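Working notes, beginning with the structure itself.
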Amino acid sequence: MKHALTKTRAVLRRHLVLTVTATVLLLAVVATGAAEYTVRGVIHGRVLKAAPGLGDDVAVGVAGGWALWDLAHESIPRLDISSDDAQVGRLSQVRVRARLDDVRLGGTTTVAGTHAEVTVSTQSLAGAIRAAVPSVVVAAVTTDPARGTVLADVGPGGLGRLTLRPVLADGKVTLAVDGLTLFGRSVPTDRLGIAAGGLGPQAGAPKEYPLGLAATSAEVRPDGLHVALTGGPSTLSDT
């Protein structure tokens, strides 16, 4: 009988130890998860301050998955950023996929380099034309990848055809007017109120792209305009 009681007490002690250990581990996991969430929020906020045009629905991913570990070492090898509702000058609802390399944390957050791919859909291009020339009706926008041009059917019934061509200069991309036809005949572009320079940046828009980015290529594809950008060392706002 005494032996049975001793065995029972031993079993109860083991169960108690296992329960306490499991509880401690659970609390540690919860605390770590909360800290991880907080760190990711800080990083997310700094990215938004550095590039407010990315919009509200921005996803920021940490390579390796653990921002807390990287924060302890004040270094993040890579940040992946994505947004489907970015604003770039006149262009809205732009798709952005960016990578920030070698992010160093501290008094000032620095980035060794940035690479980004920007996709401007035909719908976004149509919106940009409407914003640039509010008095002109834009029926539809398509692309001609073979010619590297953007085609907009404009005017009542889409009887006019405006042809735009992306121009890459000084790290910026603008859409230059390549021609305007009405009933198949060429007409002056000033009929639409568009200057020879085409659709450049809006008045008051930042003169530089965020994060030190500069455009390196601009390609017309069936779904719209694709722009690649790269940037060297830059900083993220810490406030």
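Points worth noting:
- Check on residue 112, part of a strand (DSSP E or B), out of contact with any helix residue (DSSP H, G or I) (no Cβ under 9 Å at 6 or more places or on another chain), of a type outside the set (D, E, K, R) and surrounded by fewer than 17 Cβ atoms within 10 Å (Cβ to Cβ): yes
- Filtered residue count, the range 136-182, keeping only those that are out of contact with any Phe, Trp or Tyr (no Cβ under 9 Å at 6 or more places or on another chain) and farther than 28 Å from residue 213 by Cα: 18
- Residue within the range 190-211 that is open to solvent by less than 20 Å² (accessible area, probe 1.4 Å), more than 30 Å from residue 76 (Cα to Cα) and at pLDDT 90 or above present: no
The values are calculated or read from the model by the stated rules, or taken from the named source; none is laboratory data. Predicted model only: the values in this text are computed from it and were never measured. Note: ideal-geometry Cβ built from the backbone for every residue, glycine included; neighbour counts use all protein chains shown. Keep in mind that these areas ignore ligands, DNA and RNA; they rest on the heavy atoms of the full protein, side chains included. Shrake-Rupley method; radii C 1.70, N 1.55, O 1.52, S 1.80 Å.
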